[in-house]
Protein chains: 2
Amino acid sequence: MGSAMNAHQHRERRTSVENELAFNVDRSSPVPLYYQVIQGVESAIRSGTLRPGCLLDSERKLATMLNLSLPTMRKAMDELVLSGRLVRKRGVGTQVASHSTSPLVLSSLYEELASSGKKPTTTVLSFIRQEADRDTLTKLQLSPGSGVYHFTRLRLAEGSPVALMENWVRDDLMTLKPEMLSSDGLYAVLRQGGVTFRLASQRIGASLTSACESSLLENEVGSPLITMERTVSDDAGQMIETGRHVYLADSYSFEMTLVQR
Amino acid sequence: MGSAMNAHQHRERRTSVENELAFNVDRSSPVPLYYQVIQGVESAIRSGTLRPGCLLDSERKLATMLNLSLPTMRKAMDELVLSGRLVRKRGVGTQVASHSTSPLVLSSLYEELASSGKKPTTTVLSFIRQEADRDTLTKLQLSPGSGVYHFTRLRLAEGSPVALMENWVRDDLMTLKPEMLSSDGLYAVLRQGGVTFRLASQRIGASLTSACESSLLENEVGSPLITMERTVSDDAGQMIETGRHVYLADSYSFEMTLVQR
DNA sequence: CAGTGGTCTAGACCACTGC
DNA sequence: CAGTGGTCTAGACCACTGC
């Protein structure tokens, strides 16, 4: 409607479009105001109300509209820019990034498969609680004698093997049971146990399928695999988990978005 | 020395250690104050003055010490926490993260090799300026008829092939010459041309060496390769470059640190 | 209860872009 | 020159942790 009425004004240089931030902040909510703004903008982008390239109102105007102070508004915009959803140009304004893929998050194979509609299942091949070996002590920065859960899992999508995963998790955070791992991804289980992730360092490479891997993954010996080693630490900087995974290159690849700072 | 003298005090609960933020901000500098603090803390961590686990003074104390306002101090701390170098605990304080790897940055194979002491060189195998094909138009979000540089390069470390790279770069940013690419990495060349990177989306997978790749990479047909496709956009959200690379899995892997938000 | 980080406000002045 | 984002200040009150 609006665009029809203003058809003769379309000469304007700006890639601007209407932007309707049709949300309001709820001051009685325990959710911080700046975070409500982040969620509001994110959902407006997701729903298409805020389209890529669209120029937002100025920070001052938005702050006034939502009855927020400028610093609070800026804090929200800061995070949206940092995560790559918005682009700021000094003297010009703030736009929705044209390239609005989801930001980099700790990817969970299980969740990825589930959200892409492929039914993920897990077969727990082995599961023990044991004293950590030297290598694990180092990787998890544990003191000698500490215990870990050590398990291997086969991940399937729609019943076909996709990945073979071996993990070591410190045993003083929560009680792990094999049953938990067969019905959910590892990260979901740990999150439920109250773990909040912070940093993951990982190394991704490639290798050829060995005879042993082949029998589990039901693929040919010598076919390409993606290898990943990952160590994850929590909020408090404490190491939580380390693992070695291999993925069928024919049915999986790592997608990620890096934000340059 | 210090540890011997204080041996009997080791009972204290805090992992705290002295923290000497032995830097001062320079108010005449064009570098923002909060950024000077970030740099100061980062260099203190790098140099070992601030050791992992070390408890910092409170934000209020640090602000007073450096003659900064609390919000400015907090902005610096915010970014240090976000990039994973510090860990905050409400009611307790702020510690240096035990796990202080470098944050995720747009990795450049050339720079990685150079900084690890391996002498990188590049052979430019082909180089043309051409009208973008359909696929490239889509990936770089260009309008039909736009031009791109299209080139393939062989990257060597200490004279041995490591990677085979094919790239497409929009041609309206700067003038590219093959000579530039043989003496420097692509990103360094683009940065010099005034491009500031912002987001990269990439997909990493694995494959087997083909006959053609084998002849260039001097490895065996069927040996494992890491494959990467990447598209990079700049500050303004404009797509800059897209490429398809393959790396010898035996001599390279992708290392990265993910920060969970 | 003293001290910490978490959130929020109401300003100020600057550098920059587009007209 | 009006409008934008970029930086900075000086406060306020809260929730939480450890003693």
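Relative to the other copies, what are the label-point distances for B:S47, with labels 7 Å from Cα along the C-beta vector, expressed in nm at one decimal and sorted shortest first?
5.2
At what distance in angstrom do the alpha carbon centres of the range B:181-205 and the range B:31-75 lie from each other?
Cα centroid of the range B:181-205 versus Cα centroid of the range B:31-75: 31 Å apart.
Which angle from 0 to 90°, rounded to the nearest 10, does the C-alpha axis of helix A:33-47 make with the longest principal axis of chain A?
Once rounded, one gets 90 degrees.
Please find, among residues of chain B, the one with the beta carbon closest to the rotation axis relating it to chain A, distance in whole Å.
B:A206, 2
Between B:A236 and A:R134, with labels modelled 7 Å along Cα→Cβ, what's the label distance in nm to one decimal, could you check?
5.7
Hey, how much of the P(r) for the range A:112-261 falls beyond 22 Å, as a percent of Cα pairs?
So the portion of pairs separated by more than 22 Å is 43 percent.
How far, in degrees from 0 to 90, does helix B:70-82 lean away from the longest principal axis of the Cα atoms of chain B, to the nearest 10?
50
Which distances in nm, rounded to one decimal and ordered from shortest, link the label point of A:D135 to the equivalent label points in the other identical copies, with labels set 7 Å from Cα toward Cβ?
3.8
Filter the trypsin sites (Lys or Arg not before Pro) in the range B:84-182 down to the DSSP loop ones having no more than 10 other Cβ atoms within 10 Å, then list what survives.
The qualifying sites are B:R90.
Multiply the residue gap between A:K61 and A:Q192 by 0.36 nm, knock off their C-alpha separation, and tell me the result in nm, one decimal place.
Between A:K61 and A:Q192, full extension yields 43.1 nm more.
Taking N as the number of residues in the range B:41-189, what is its Cα Rg relative to 2.2 N^0.38 Å?
1.53
If you consider only alpha-carbon coordinates, what radius of gyration and Dmax does chain A have, in Å?
Cα radius of gyration and Dmax of chain A are 23.5, 76 Å respectively.
What length, rounded to one decimal in nm, is gained on full extension from A:M174 through to A:E158, with 0.36 nm per residue of separation minus their alpha-carbon distance?
Result for the pair: 2.7 nm of gain on full extension.
Which net charge results for the neighbourhood of B:G145, defined as the other residues with beta-carbon distances under 14 angstrom from its beta-carbon, given Lys and Arg at +1 and Asp and Glu at -1?
Counting the neighbours of B:G145, the net charge comes to -1.
Mind checking the dipole of the range B:130-206: about its Cα centre, +1 per Lys or Arg Cβ, -1 per Asp or Glu Cβ, Debye to the nearest 20?
Here the size comes out at about 260 debye.
With a ≥ b ≥ c taken as the square roots of the eigenvalues of the C-alpha gyration tensor of the protein assembly as shown, please select rounded if a/c is under 1.5 and otherwise prolate if a/b is larger than b/c or oblate if it is not?
rounded
At 0.36 nm per residue, minus the direct Cα-Cα distance, what do A:D250 and A:L125 gain on full extension? Give it in nm, one decimal, please.
42.7 nm
Nm distances between the label at B:D26 and the same-position labels in the remaining copies, 7 Å along Cα→Cβ, shortest first?
5.0
Which lysines have a Cα lying under 29 Å from the Cα of A:K75, excluding residues fewer than 8 positions away in the same chain?
A:K61, A:K89, B:K61, B:K75, B:K89
Ignoring GluC sites (Glu not before Pro) that are buried or in helix or strand per DSSP, and keeping those with at most 14 other beta carbon atoms within 10 Å, what is the longest stretch of chain B between them?
Of all site-free stretches, the longest is B:21-157.
Values quoted throughout were computed directly from the atomic coordinates according to the rules given, and no laboratory measurement underlies them. Quantities reported herein were computed from a predicted structural model and do not represent experimental measurements. Cβ coordinates were reconstructed from backbone atoms using ideal geometry, including for glycine residues, and neighbour counts include every protein chain displayed.
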